[in-house]
């Protein structure tokens, strides 16, 4: 397994945005499961993933598939009292850092609960005022 993927498996579930940031390219793109928009840049994406790591509970990767620059990591977790499953689709750059991080997740009710929890967190995190323009 690629060292970045091995490290990501450990730090994403911890919700520590400083550890997540170390794995991200400067121009990383994050495509969330909750709406059709893209977060860009290491600082913004690390902040979002840090919050996600705190919203999810009982998070575990079930399967990790891939090689080289392209990876798919299947996970299961809870959002509140709702079960969820999903896949992190990761593309690494030439330096081995994450350049694209896309998440597909189900069921719909759990995705809705994630969106509500994230909106509440983002609304109280002053860092996100400057990240608004990061959405495209």
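The conditions of being surrounded by 14 or more Cβ atoms within 10 Å (Cβ to Cβ) and either touching a helix residue (DSSP H, G or I) at 6+ places or on another chain (Cβ under 6 Å) or at pLDDT below 95 (or both) are not met by residue 126.
Is it true that residue 95 is touching a residue at least 24 places away in the same chain (Cβ under 8 Å) and surrounded by fewer than 18 Cβ atoms within 10 Å (Cβ to Cβ)? Yes; evaluated as a whole, the condition is true for this residue.
Taking every residue in the stretch 38-64 that is on the phi < 0 side of the Ramachandran plot and crowded, with 21+ Cβ neighbours inside 10 Å and pairing it with any residue that is outside any helix (DSSP H, G or I) and modelled with pLDDT under 90, at least 6 positions away or on another chain, the pairs with Cβ-Cβ distances below 6 Å are 45/39; 48/39; 50/15. Exactly one residue out of 28, 10 is touching a residue at least 24 places away in the same chain (Cβ under 8 Å) and within 19 Å of residue 92 (Cβ to Cβ), and it is 28. For the residues 72, 84, 21, 113, the requirement of being under 26 Å from residue 125 (Cβ atoms), modelled with pLDDT of 95 or more and either more than 13 Å from the chain's Cα centre (by Cα) or surrounded by fewer than 19 Cβ atoms within 10 Å (Cβ to Cβ) (or both) singles out 84.
The values are calculated or read from the model by the stated rules, or taken from the named source; none is laboratory data. These numbers come from a predicted model, not from an experiment. When we count neighbours, we look across all protein chains shown, and the Cβ atoms used for this are built from the backbone with ideal geometry, even at glycine.
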